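For reference, the structure discussed in these notes is given below.
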Amino acid sequence: MAWRRVRSTMGAPTRWLTSVGATSGSLAIAGLVLGGAAAGAQEPAPIQITSIDAAAYPRVSAVVTAPTGLAGVDYTADAFEVLENGQPVDSTIERMPTSTLEVILVFDTSGSMEGAPLAAAKDAADGFLDVMPPEVKVGVVGFGPTPTLLAAPTTDRSSLAAQLANLTADGETALYDAVVQATSQFSPEVSDRAVVLLSDGGDTASAADLRQAEAAAGSATVNVIELVTPESSRAALDELATAGGGTVSSVSDPAALSELYRATAQALVNRYRVTYTSASHGATELTVRLTTDEGMREATKQVELPPAPAPPQAPKQSEGSPPTDPGPVRPERDTAPAQTGLLIGATAVFLALLTLGLVALPADPRARLTAARLSATHAVTEGPSVSQLTQRLTAATERLLDRRGQRQRLATALEVADISLRTGEYVLLAAVATLLAALGGFAIAGAVGLLAGLVAGPLCSSLLVRSMADRRRAQFAELLPDNLQLLTSSLRSGYGLHQALATLGREASEPARSEFRRVLLEVRVGRDPGDSLRALADRMGSDDFGWVVGAIEINREVGGDLAMILDNVGETIRERQRLKRQVKTLSAEGRLSGYVLTALPLVLAMAMAVINPGYLAGLRSGFGPVLVVGGAVLLMIGWIWIRRLTRLTF
């Protein structure tokens, strides 16, 4: 057996997790082969530490591979000794089972493998299958210009041998694609995965690149066997093996592949897991010893463990003063939770006192009398109240609004918005929402979040009422021409004005139906029809309906054909709406530009804060806050300017 070179790939440890299997790869395989060589060897073949995992520090685990000569022998924990920096430590030893192992054999079948190399690879694979226990599933992938799955992982050795016999060499080398293809063939429930890759050249035809192949190799243990040729790419093979926590073994004579494959198989099935609790920090030397009848075998490997915690710094002593005992070091407390709890507690006490005061105060008899009169006059039926406390809170809120002269205005806004709540109930709900927003803002951003919540609560509640009212008014104005058509049709059929309005209250679409029903109710209780219709026009903010009301009032005074007048008014309203829609269409680009230009700086700032958090750090100190405020002001001015340019004024 001729060897050209035997070399290992070993990735540098990343923090506290060492790369699985990033050990002296070629030396490990060579040692395993020598362990099964002729009995004339003078010294027993060494064991190998193929991986160390310190991710669960202080628990450290290592995988130890016994040489070929010790295959099939189960050693107890008494046969092993574990030392950390030369000091014995208590450990747990267990043999890694083969029932959970799956292996994918990957063969280079490019044109350079034609002849003796491919024939030797087939014989070596047959020997690999002979060594593998029957319960281990093995798959086969061949790659030339494209990778091909010849056999999915299976325990049917005859089927695998038949597929290996059909391997032919031809074309380019798709090495990276083959690694990606092989690592995707493992059974989902299997965690112990291994890939044995044979190649004699660098990649020349893959769609995937080296980085993608390394990412795929990270899901399995990748052991690479390099058949050295002028086309070999050792650097790429080293990176694949390091990413997969495996080994790289190089050989120039194809006849040596058979023993190398057998040794690799023995290394996969003859493994022990060593687990112990570490007391070391930083660079640490781990030694594992195995004592057998043939003598003692020893393996040593460096592992990088977490650094020791820094000792607490003692306070500085003034010159000439006697030393003082600093006492036990106490960890610093985070005061934010305490502040949050204090604020929540103070708020709860305030609400409790307010509730007790409102409950203790007698209800206003005048408010009761007014409610009773309204109920008797308008036959208003109310459902059962949630509690007397809610009634008292609502009544107190409404009295406060009355004193400030805001109750009537808010009641009208709620009525137009079609919100079925009393003014006091809506104000109480808005206050609770503001309180919750302030507490949430304080918990997230401290005092700034508290202030933002106190401002956002009333602002959002006001905007909600306004937006719902505006939408309802727009619906009323949009349906006005159709409602006028229905009104004139009723008048021409012989109905009077009161009967025509009743028809609208039955057949018109919302919100016109409910509004005209209200007009009819007001007329029935004695209000003048013209005043009721004028109040409807003011409530809906509709100039067009104001013209309709004016036409009805003139007709009531001077007489004439009301249906013809309303037809002319309806035609005028239709033309106005058509012109308004046309202007809105022409100004759509300007309005969209306003939205985009206003939102673009905010979206970019949020994106940069996520992608590169330090990019905007300079805006938090020095002249940065001034620039932020200035930019916000200019952004708001631009938004208002664009809104005025694109606003419809007729």
query = With a sphere of radius 11 Å drawn around the Cβ of Ser258, what net charge do the other residues whose Cβ falls strictly inside it have (Lys, Arg +1; Asp, Glu -1)?
reply = -3
message = Let me check I've understood the local charge: for Ser467, count other residues with C-beta under 13 angstrom from its C-beta, Lys and Arg +1, Asp and Glu -1. What total comes out?
response = +2
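Return a whole-number percent for the relative contact order of the stretch 498-622, with Cα pairs under 8 Å and 6 or more residues apart as the contact set.
Computed value for the stretch 498-622: 10 percent relative contact order.
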remark   = Listed by chain and number, the residues whose amide H is under 5 Å from that of Val228, excluding neighbours fewer than 5 places away on the same chain and using placed H, are Val251, Ser252
ask   = Name the GluC sites (Glu not before Pro) in the stretch 120-194 that are in a loop by DSSP and that have at most 13 other C-beta atoms within 10 Å, would you?
value = Glu135, Glu189
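Given charges of +1 on the Cβ of Lys and Arg and -1 on the Cβ of Asp and Glu, with all other atoms neutral, how large is the dipole of the stretch 558-650 about its Cα centre, in debye to the nearest 20?
Values: 11 positive and 5 negative charges, 42 e Å.
Dipole about the Cα centre, nearest 20: 200 debye.
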ask   = Going by a ≥ b ≥ c, the root eigenvalues of the Cα gyration tensor, does the stretch 549-632 fall in the rounded group (a/c under 1.5), the prolate group (a/b larger than b/c) or the oblate group?
value = prolate
query = Can you work out ³J(HN,Hα) from phi for every residue in the stretch 579-594, in order, using Karplus 6.51 cos²θ - 1.76 cosθ + 1.60 and θ = phi - 60°, giving whole Hz and x for Gly and Pro?
reply = 5, 5, 5, 5, 5, 5, 5, 5, 9, 5, 5, x, 5, 5, 4, x
inquiry  = I'd like the projected area of the stretch 588-646, averaged over all directions, using the convex hull of its alpha carbons. Report it in nm² with one decimal.
reply    = 4.2 nm²
message = So for each of 434-441, 588-595 I average, over its residues, the number of other beta carbons within 10 Å; can you give me the resulting order with the highest mean first?
response = 434-441, 588-595
ask   = From the phi of every residue in the stretch 398-413, what ³J(HN,Hα) in whole Hz does the Karplus formula 6.51 cos²θ - 1.76 cosθ + 1.60 yield, where θ is phi - 60° and glycine or proline is x?
value = 5, 4, 5, 5, 5, 5, 8, x, 10, 5, 5, 5, 5, 4, 5, 5
request  = Could you pull out every residue, at least 5 positions away or on a different chain, whose amide H is within less than 5 Å of the one on Thr173? Hs are placed 1.01 Å off N in the peptide plane, and Pro or chain starts have none.
outcome  = Thr204, Ala205
task = Using amide H atoms built 1.01 Å from N in the peptide plane, name the residues 5+ places from Val248, or on other chains, whose amide H lies under 5 Å from its own.
result = Thr9, Gly25, Ser26, Val224
remark   = Relative contact order as a percentage, the stretch 54-194, C-alpha pairs under 8 Å and 6+ apart, gives 26 percent
inquiry  = Explain nothing, just compute: Karplus ³J(HN,Hα) = 6.51 cos²θ - 1.76 cosθ + 1.60, θ = phi - 60°, for every residue of the stretch 544-552 in order, whole Hz, x for Gly and Pro.
reply    = 4, 5, x, 5, 4, 5, x, 5, 5
inquiry  = Using the crude model of +1 on Lys and Arg Cβ and -1 on Asp and Glu Cβ, and no other charge, please compute the dipole size for the stretch 101-257 relative to its Cα centre, in debye to 20.
reply    = 240 debye
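Each value in this text was obtained by applying a stated rule to the coordinates, not by laboratory testing. Treat the numbers as computed from the prediction; the structure is a model and nothing was measured. Glycine gets a Cβ as well: all are built from the backbone with ideal geometry, and neighbour counts include every protein chain shown.
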